[in-house]
Amino acid sequence: MAHSVQKVVVRCEDAEENGGKLDLSGCKLIQVPAALYFMIEERNIEVTACNLSSNIIKKIPPKLPSKFSLITDLNLSFNKLSALPEEVSEWSQLETVDISNNLFVTFPTCLLSLQKIIQINAANNSITDVEVELISTCESLENLNLEENPLTRDCQDNLSSIQKKQILMTPRELEEWEDLSIEKWKKKHENYETKKIITKERYFWTSWTTLKIVPKSLTFCDHTLLNIPTYCIEELYNGSKMAKYGQNWPNITFSDEASSQVCLISYPSLFKSFFTS
């Protein structure tokens with residue numbers, strides 16, 4: 001504790017010499033020390049930047065904005081913060097804020113009320129949603145970093161529609177059910193390079209699953225994956241007889257590749273009989 005206090009004193013002395021840039025990073029602070037304000041006032045330091053990163057701070061005191069009213073740069077990254085006081089919006093000169101690597105679940109909207117805010121870094125928190133309208137209408141804001149946050153799909157889509165602002169987001173990982181759905185879509189729309197035709201006693205197996213019955217040939221065409229039961233052999237036989245006697249050609253669709261191959265392999269004699277004169 002004494003070592004931390006000593007660090008704060010030294011850093012205040014440094015701020016006096018470097019134009020009011022107060023660097024309290026890595027001081028193992030669990031809160032902003034009340035004595036800090038006294039030391040700053042005693043030395044008559046006009047703090048223009050405040051770095052409180054890499055500490056263990058859980059709360060920002062509401063009086064900090066009024067005590068350090070002239071700062072343009074605030075770094076609160078790598079702490080244990082989950083909220084900011086509404087008084088933060090009173091920082092009239094603040095242009096850059098870094099709240100990355102904290103415990104925020106909701107985006108602190110008070111930052112969007114800052115008159116001169118240009119850049120906000122909120123990366124690597126647990127934020128799932130943000131006030132898209134407030135971000136869109138925040139005129140001074142130019143850059144917003146929301147990378148490494150579990151933003152919802154709708155939130156990402158809405159943020160992507162915002163123009164004239166650079167908004168960084170980590171591509172959203174798909175849920176397991178979405179992965180399955182996409183894989184199924186890919187299979188459904190996959191383009192196969194070859195068509196396989198069965199004529200009389202020649203049997204060529206294929207991964208295409210829609211069959212079109214035509215006289216003296218059985219052509220595989222138009223790959224589809226439909227969630228319907230496999231047509232039974234009797235129905236296949238009746239459809240083929242319709243084709244044989246000059247009626248409309250029926251499209252016979254199997255539910256998957258395996259089903260179509262089982263039918264062809266298990267009942268080759270049926271297929272042969274369909275096309276014999």
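A short reminder: the numbers here are calculations on the coordinates, not readings from a lab. On a predicted model such as this, the values are computed, not experimentally measured, just so you know. In this analysis, Cβ positions are derived from the backbone assuming ideal geometry, glycine residues included, and neighbour counts consider all displayed protein chains.
Determine, for Glu142, Glu95, the number of other Cβ atoms within 10 Å of each Cβ, and report the residues in order from fewest to most. If you can, show how the numbers build up before the last one.
Numbers: Glu142 14, Glu95 17.
So the ranking, lowest neighbour count to highest, is Glu142, Glu95.
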Write down the Å³ per residue value for the convex hull defined by the alpha carbon atoms of region 59-179. 90
The alpha-carbon pair-distance distribution computed for region 1-111, with 5 angstrom bins and whole-percent values, is 2, 12, 23, 27, 21, 10, 3, 0
Over 25 Å (Cα to Cα) among Lys58/Lys165; Lys80/Lys165; Lys21/Lys164; Lys21/Lys59; Lys7/Lys59; Lys21/Lys165 -> Lys58/Lys165; Lys80/Lys165; Lys21/Lys164; Lys21/Lys165
Tell me, what HN-Hα J-couplings in whole Hz come from the Karplus equation 6.51 cos²θ - 1.76 cosθ + 1.60 at θ = phi - 60° for each residue of region 109-119, using x for Gly and Pro? 5, 4, 5, 7, 9, 5, 5, 10, 5, 10, 9
Work out how much length Val10 to Ser160 would gain on full extension: take 0.36 nm times their residue separation and subtract the Cα-Cα distance, in nm to one decimal. 49.5 nm
